[in-house]
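Beneath this line is the structure, given in structure tokens, with notes to follow.
The values are calculated or read from the model by the stated rules, or taken from the named source; none is laboratory data. This one's a predicted model, so the numbers in the text were calculated from it and none came from an experiment. Every residue, glycine as well, gets a Cβ built from its backbone with ideal geometry; the counts of neighbours run over all protein chains shown. We work out accessible area using only protein heavy atoms, side chains counted, and drop any ligands, DNA or RNA first. Shrake-Rupley method; radii C 1.70, N 1.55, O 1.52, S 1.80 Å.
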Amino acid sequence: MAVRLWVVALAMATLLIVDREVPVSAVKVISPRMPICEHMGESPVCAQTSNPVCGTDGVTYDNECQVCLTRMKTKHDIQIVKDGKCGPSSQPLKP
């Protein structure tokens, strides 16, 4: 019985040490997605609907169509980091 308790205590101590070395917040993975722009023609017009998205350039766009317009105008590879507004600490992602 004492051996089992010792093994359990050792296993718990090992888990605590591992948790200190690799905090969960340090393993945040951001995987941007491409906006869907195929429906846009030569002279695209975006709807005025507000469905904000955060771009990889750190800019909040009114909707996904606005990201497409900016991509077409600037020729930059802007992708969508998340749905919703960019946070105050949002910085452009490096390619």
Any idea how many residues of the range 75-95 are open to solvent by less than 60 Å² (accessible area, probe 1.4 Å) and either at pLDDT 85 or above or assigned to a strand (DSSP E or B) (or both)?
-> 7
Looking across the range 33-44 at residues that are open to solvent by 30 Å² or more (accessible area, probe 1.4 Å) and either assigned to a strand (DSSP E or B) or touching an Asp or Glu at 6+ places or on another chain (Cβ under 7 Å) (or both), the single one that is farthest from GLY84 (Cα to Cα) is ILE36
Pick from the range 57-74 the residues that are in a helix (DSSP H, G or I) and within 16 Å of the chain's Cα centre (by Cα): which of them is nearest to GLN91 (Cα to Cα)?
-> VAL67
For the range 45-54, does any single residue satisfy the condition of being of a type in the set (A, V, I, L, M, F, W, C), modelled with pLDDT of 95 or more, surrounded by 10 or more Cβ atoms within 10 Å (Cβ to Cβ) and under 18 Å from the mean Cα position of the chain (by Cα)?
-> yes
Which numbered condition CYS54 fails, given (1) out of contact with any Asp or Glu (no Cβ under 9 Å at 6 or more places or on another chain); (2) outside any loop (DSSP other than H, G, I, E, B); (3) under 14 Å from PRO32 (Cα atoms) = (1)
